[in-house]
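Data block below; observations after.
The values are calculated or read from the model by the stated rules, or taken from the named source; none is laboratory data. Computed from a predicted model, the values in this text were never measured in an experiment. Don't worry about glycine lacking a Cβ; one is built from the backbone with ideal geometry, like all the others, and counts go over all protein chains shown. Ligands, DNA and RNA are excluded from the accessible area calculation, which covers all protein heavy atoms including side chains. Shrake-Rupley method; radii C 1.70, N 1.55, O 1.52, S 1.80 Å.
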Amino acid sequence: MATAPAADQARLLDVQALDTRLDQIAHKRSHHPTLARLAELDGQLGDLHASLVASRTAVADLRRELTKAEDDVTQVRERAERNQKRLDSGAVSAKDATALLSENESLAKRQEVLEEIEIDVMERLEAHETALTGVEQAHAALVAAQEEVVAERDAAYAELDGQSRDVAGQRAGAVDGLDAGLVANYEKLRARLGGIAVAALRHGRSEASGMPVSPVELSRIKALGPDELVYCEDTGRLLVRGEDAF
(Lines give C-alpha, C1' and ligand atoms only; values in the text may rest on other atoms or scores of the structure.)
Protein backbone atom coordinates (compact mmCIF):
# COMPACT_ATOMS: atom_id res chain seq x y z
CA MET A 1 0.00 0.00 0.00
CA ALA A 2 1.10 3.59 -0.68
CA THR A 3 -0.92 5.68 1.76
CA ALA A 4 -2.50 5.52 5.22
CA PRO A 5 -3.77 8.27 7.53
CA ALA A 6 -0.82 10.11 9.09
CA ALA A 7 -2.41 9.85 12.52
CA ASP A 8 -2.65 6.07 12.17
CA GLN A 9 0.99 5.92 11.08
CA ALA A 10 1.96 7.83 14.23
CA ARG A 11 -0.04 5.44 16.38
CA LEU A 12 1.90 2.54 14.90
CA LEU A 13 4.89 3.69 16.95
CA ASP A 14 2.93 2.92 20.10
CA VAL A 15 1.89 -0.45 18.71
CA GLN A 16 5.50 -1.19 17.82
CA ALA A 17 6.66 -0.28 21.33
CA LEU A 18 4.10 -2.64 22.83
CA ASP A 19 4.97 -5.43 20.39
CA THR A 20 8.64 -4.98 21.23
CA ARG A 21 7.77 -5.24 24.90
CA LEU A 22 5.82 -8.45 24.23
CA ASP A 23 8.79 -9.86 22.32
CA GLN A 24 11.09 -8.98 25.20
CA ILE A 25 8.81 -10.71 27.70
CA ALA A 26 8.62 -13.80 25.48
CA HIS A 27 12.41 -13.84 25.17
CA LYS A 28 12.80 -13.59 28.95
CA ARG A 29 10.39 -16.49 29.36
CA SER A 30 12.14 -18.72 26.82
CA HIS A 31 15.63 -17.83 28.09
CA HIS A 32 14.97 -17.66 31.82
CA PRO A 33 18.07 -18.64 33.84
CA THR A 34 16.13 -21.38 35.61
CA LEU A 35 15.81 -23.29 32.33
CA ALA A 36 19.57 -23.76 32.04
CA ARG A 37 19.74 -24.80 35.67
CA LEU A 38 16.93 -27.31 35.18
CA ALA A 39 18.66 -28.77 32.13
CA GLU A 40 21.82 -29.15 34.22
CA LEU A 41 19.91 -30.83 37.05
CA ASP A 42 18.12 -33.13 34.61
CA GLY A 43 21.49 -34.25 33.27
CA GLN A 44 22.85 -34.82 36.76
CA LEU A 45 19.76 -36.78 37.76
CA GLY A 46 20.03 -38.88 34.63
CA ASP A 47 23.64 -39.73 35.38
CA LEU A 48 22.87 -40.45 39.03
CA HIS A 49 19.84 -42.56 38.18
CA ALA A 50 22.04 -45.16 36.50
CA SER A 51 24.23 -45.34 39.61
CA LEU A 52 21.16 -45.55 41.82
CA VAL A 53 19.69 -48.45 39.84
CA ALA A 54 23.03 -50.28 39.81
CA SER A 55 23.52 -49.76 43.54
CA ARG A 56 20.01 -50.90 44.43
CA THR A 57 20.40 -53.95 42.22
CA ALA A 58 23.70 -54.86 43.88
CA VAL A 59 22.18 -54.50 47.36
CA ALA A 60 19.16 -56.61 46.40
CA ASP A 61 21.39 -59.32 44.94
CA LEU A 62 23.58 -59.38 48.04
CA ARG A 63 20.56 -59.56 50.33
CA ARG A 64 19.38 -62.61 48.44
CA GLU A 65 22.89 -64.06 48.59
CA LEU A 66 23.00 -63.44 52.34
CA THR A 67 19.63 -65.10 52.84
CA LYS A 68 20.89 -68.17 51.01
CA ALA A 69 24.12 -68.21 53.04
CA GLU A 70 22.13 -67.94 56.27
CA ASP A 71 19.82 -70.74 55.17
CA ASP A 72 22.82 -72.95 54.31
CA VAL A 73 24.33 -72.38 57.78
CA THR A 74 20.96 -73.02 59.43
CA GLN A 75 20.48 -76.29 57.56
CA VAL A 76 23.93 -77.58 58.54
CA ARG A 77 23.48 -76.48 62.15
CA GLU A 78 20.05 -78.09 62.42
CA ARG A 79 21.37 -81.34 60.92
CA ALA A 80 24.18 -81.41 63.45
CA GLU A 81 21.76 -80.69 66.28
CA ARG A 82 19.50 -83.55 65.20
CA ASN A 83 22.49 -85.89 65.09
CA GLN A 84 23.60 -84.78 68.53
CA LYS A 85 20.14 -85.38 69.96
CA ARG A 86 20.21 -88.93 68.62
CA LEU A 87 23.62 -89.46 70.15
CA ASP A 88 22.52 -87.98 73.45
CA SER A 89 19.46 -90.22 73.54
CA GLY A 90 21.63 -93.36 73.63
CA ALA A 91 19.13 -95.09 71.37
CA VAL A 92 21.59 -95.69 68.53
CA SER A 93 23.94 -98.56 67.90
CA ALA A 94 27.69 -98.18 68.21
CA LYS A 95 27.99 -98.31 64.43
CA ASP A 96 25.35 -95.57 63.97
CA ALA A 97 26.95 -93.52 66.71
CA THR A 98 30.29 -93.68 64.93
CA ALA A 99 28.63 -92.62 61.69
CA LEU A 100 26.83 -89.75 63.39
CA LEU A 101 30.03 -88.50 65.05
CA SER A 102 31.83 -88.64 61.74
CA GLU A 103 29.05 -86.76 60.03
CA ASN A 104 28.99 -84.09 62.73
CA GLU A 105 32.73 -83.55 62.27
CA SER A 106 32.12 -83.01 58.57
CA LEU A 107 29.15 -80.77 59.33
CA ALA A 108 31.24 -78.67 61.71
CA LYS A 109 33.84 -78.09 59.01
CA ARG A 110 31.10 -77.35 56.50
CA GLN A 111 29.46 -74.93 58.92
CA GLU A 112 32.75 -73.12 59.41
CA VAL A 113 33.17 -72.68 55.68
CA LEU A 114 29.56 -71.51 55.26
CA GLU A 115 29.86 -69.04 58.14
CA GLU A 116 32.94 -67.54 56.50
CA ILE A 117 30.94 -67.16 53.30
CA GLU A 118 28.11 -65.59 55.32
CA ILE A 119 30.48 -63.09 56.95
CA ASP A 120 31.99 -62.19 53.57
CA VAL A 121 28.54 -61.55 52.10
CA MET A 122 27.53 -59.50 55.15
CA GLU A 123 30.64 -57.32 54.81
CA ARG A 124 30.06 -56.77 51.11
CA LEU A 125 26.40 -56.01 51.74
CA GLU A 126 27.27 -53.50 54.43
CA ALA A 127 29.66 -51.72 52.07
CA HIS A 128 27.08 -51.62 49.27
CA GLU A 129 24.33 -50.43 51.62
CA THR A 130 26.59 -47.59 52.77
CA ALA A 131 27.26 -46.68 49.15
CA LEU A 132 23.56 -46.88 48.34
CA THR A 133 22.73 -44.54 51.21
CA GLY A 134 25.17 -42.01 49.78
CA VAL A 135 23.72 -42.27 46.29
CA GLU A 136 20.15 -41.98 47.60
CA GLN A 137 21.06 -38.91 49.63
CA ALA A 138 22.70 -37.31 46.61
CA HIS A 139 19.65 -38.18 44.49
CA ALA A 140 17.28 -36.72 47.09
CA ALA A 141 19.34 -33.53 47.22
CA LEU A 142 19.17 -33.16 43.43
CA VAL A 143 15.41 -33.79 43.42
CA ALA A 144 14.94 -31.16 46.14
CA ALA A 145 17.07 -28.70 44.17
CA GLN A 146 15.07 -29.46 41.03
CA GLU A 147 11.78 -28.86 42.84
CA GLU A 148 13.11 -25.56 44.17
CA VAL A 149 14.19 -24.39 40.72
CA VAL A 150 10.87 -25.52 39.18
CA ALA A 151 9.04 -23.43 41.78
CA GLU A 152 11.30 -20.47 40.97
CA ARG A 153 10.67 -20.94 37.24
CA ASP A 154 6.92 -21.21 37.70
CA ALA A 155 6.85 -18.06 39.81
CA ALA A 156 8.85 -16.21 37.15
CA TYR A 157 6.54 -17.55 34.43
CA ALA A 158 3.49 -16.40 36.35
CA GLU A 159 4.92 -12.89 36.66
CA LEU A 160 5.98 -12.71 33.02
CA ASP A 161 2.65 -14.12 31.83
CA GLY A 162 0.86 -11.47 33.87
CA GLN A 163 3.01 -8.77 32.28
CA SER A 164 2.32 -10.22 28.85
CA ARG A 165 -1.44 -10.17 29.42
CA ASP A 166 -1.28 -6.55 30.56
CA VAL A 167 0.78 -5.45 27.56
CA ALA A 168 -1.39 -7.47 25.18
CA GLY A 169 -4.43 -5.63 26.53
CA GLN A 170 -2.72 -2.30 25.93
CA ARG A 171 -1.72 -3.45 22.48
CA ALA A 172 -5.31 -4.36 21.60
CA GLY A 173 -6.38 -0.86 22.57
CA ALA A 174 -3.53 0.74 20.63
CA VAL A 175 -4.33 -1.10 17.40
CA ASP A 176 -8.08 -0.68 17.68
CA GLY A 177 -9.45 1.54 14.90
CA LEU A 178 -6.25 1.71 12.90
CA ASP A 179 -6.38 1.47 9.11
CA ALA A 180 -6.70 -2.27 8.39
CA GLY A 181 -4.37 -2.15 5.38
CA LEU A 182 -1.74 -0.31 7.39
CA VAL A 183 -1.91 -2.88 10.20
CA ALA A 184 -1.67 -5.76 7.72
CA ASN A 185 1.37 -4.14 6.10
CA TYR A 186 2.91 -3.59 9.54
CA GLU A 187 2.43 -7.25 10.49
CA LYS A 188 4.02 -8.46 7.25
CA LEU A 189 7.02 -6.21 7.82
CA ARG A 190 7.35 -7.39 11.42
CA ALA A 191 7.40 -11.00 10.30
CA ARG A 192 10.02 -10.29 7.64
CA LEU A 193 12.22 -7.85 9.55
CA GLY A 194 12.69 -9.55 12.90
CA GLY A 195 9.87 -7.92 14.79
CA ILE A 196 10.68 -4.26 14.12
CA ALA A 197 8.51 -2.84 11.34
CA VAL A 198 8.23 0.88 12.05
CA ALA A 199 10.40 3.66 13.46
CA ALA A 200 10.42 7.42 13.57
CA LEU A 201 12.14 9.86 11.27
CA ARG A 202 13.54 12.56 13.57
CA HIS A 203 15.72 15.51 12.63
CA GLY A 204 16.54 13.90 9.29
CA ARG A 205 17.73 10.68 10.94
CA SER A 206 16.11 7.27 10.50
CA GLU A 207 15.63 5.62 13.87
CA ALA A 208 15.19 2.36 11.97
CA SER A 209 18.85 2.38 10.86
CA GLY A 210 20.28 4.96 13.25
CA MET A 211 21.73 6.78 10.25
CA PRO A 212 20.98 10.18 8.68
CA VAL A 213 18.80 10.05 5.58
CA SER A 214 20.60 11.13 2.42
CA PRO A 215 19.85 14.71 1.34
CA VAL A 216 18.31 13.54 -1.92
CA GLU A 217 15.98 11.09 -0.15
CA LEU A 218 15.16 13.66 2.51
CA SER A 219 14.12 16.16 -0.17
CA ARG A 220 11.92 13.53 -1.78
CA ILE A 221 10.25 12.71 1.54
CA LYS A 222 9.62 16.40 2.29
CA ALA A 223 7.71 16.69 -0.98
CA LEU A 224 5.36 13.80 -0.10
CA GLY A 225 1.90 14.26 1.34
CA PRO A 226 1.42 13.41 5.07
CA ASP A 227 -0.46 10.21 4.28
CA GLU A 228 2.20 8.84 1.94
CA LEU A 229 4.07 5.86 3.34
CA VAL A 230 7.82 6.33 3.69
CA TYR A 231 10.33 3.51 4.04
CA CYS A 232 13.87 3.54 5.37
CA GLU A 233 16.31 3.06 2.49
CA ASP A 234 18.67 0.95 4.60
CA THR A 235 16.27 -1.29 6.50
CA GLY A 236 13.00 -1.32 4.55
CA ARG A 237 11.05 -0.34 7.66
CA LEU A 238 8.25 2.21 7.76
CA LEU A 239 9.32 5.70 8.80
CA VAL A 240 6.82 7.80 10.70
CA ARG A 241 7.12 11.55 10.20
CA GLY A 242 6.28 13.77 13.10
CA GLU A 243 6.73 17.49 13.72
CA ASP A 244 10.42 16.89 14.37
CA ALA A 245 11.00 14.80 11.26
CA PHE A 246 13.24 17.36 9.49
Per-region count, region 211-225, residues touching a residue at least 12 places away in the same chain (Cβ under 8 Å), open to solvent by 50 Å² or more (accessible area, probe 1.4 Å) and not in a helix (DSSP H, G or I): 1
Of the criteria (1) without any contact (Cβ under 8 Å) to a residue 40 or more places away in the chain; (2) open to solvent by less than 40 Å² (accessible area, probe 1.4 Å), which one A172 fails: (2)
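Taking Q44, is it open to solvent by 60 Å² or more (accessible area, probe 1.4 Å) and touching a helix residue (DSSP H, G or I) at 6+ places or on another chain (Cβ under 8 Å)?
On the way: open to solvent by 60 Å² or more (accessible area, probe 1.4 Å): yes; touching a helix residue (DSSP H, G or I) at 6+ places or on another chain (Cβ under 8 Å): yes.
So Q44 fits the description; yes.
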Condition met for S164 (part of a helix (DSSP H, G or I), over 30 Å from P33 (Cα atoms) and among the polar types (S, T, N, Q)): no
Scope region 54-75; condition out of contact with any Asp or Glu (no Cβ under 9 Å at 6 or more places or on another chain) and closer than 20 Å to E103 by Cα; matching residues: D71, T74, Q75
Candidate set: region 116-147, residues that are farther than 18 Å from L52 by Cβ and without any contact (Cβ under 8 Å) to a residue 12 or more places away in the chain; chosen: the one least open to solvent (accessible area, probe 1.4 Å): D120
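Every residue in region 176-210 that is part of a helix (DSSP H, G or I), open to solvent by 20 Å² or more (accessible area, probe 1.4 Å) and over 14 Å from T20 (Cα atoms), please.
Of all residues in region 176-210, those part of a helix (DSSP H, G or I) come to 180-192.
When the remaining residues are screened for being open to solvent by 20 Å² or more (accessible area, probe 1.4 Å), the result is 180-181, 183-185, 187-188, 190-192.
Within region 176-210, A180, G181, V183, A184, N185, K188, R192 qualify.
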Number of the condition not met by S93 [criteria: (1) over 30 Å from R190 (Cβ atoms); (2) surrounded by 12 or more Cβ atoms within 10 Å (Cβ to Cβ)]: (2)
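Is it true that T34 is touching a Gly at 6+ places or on another chain (Cβ under 8 Å), on the phi < 0 side of the Ramachandran plot and surrounded by 14 or more Cβ atoms within 10 Å (Cβ to Cβ)? Walk me through it before giving the result.
Numbers: touching a Gly at 6+ places or on another chain (Cβ under 8 Å): no; on the phi < 0 side of the Ramachandran plot: yes; surrounded by 14 or more Cβ atoms within 10 Å (Cβ to Cβ): yes.
Against the criterion (touching a Gly at 6+ places or on another chain (Cβ under 8 Å), on the phi < 0 side of the Ramachandran plot and surrounded by 14 or more Cβ atoms within 10 Å (Cβ to Cβ)), T34 does not qualify.
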Cβ-Cβ under 6 Å pairs, at least 6 apart or on other chains, region 58-83 side without any contact (Cβ under 8 Å) to a residue 40 or more places away in the chain, far side open to solvent by 70 Å² or more (accessible area, probe 1.4 Å) and assigned to a helix (DSSP H, G or I): V76/R110
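Right, A145: touching a helix residue (DSSP H, G or I) at 6+ places or on another chain (Cβ under 8 Å) and in a helix (DSSP H, G or I) or not? Please lay out each step first, then the result.
Details: touching a helix residue (DSSP H, G or I) at 6+ places or on another chain (Cβ under 8 Å): yes; in a helix (DSSP H, G or I): yes.
So A145 passes the test.
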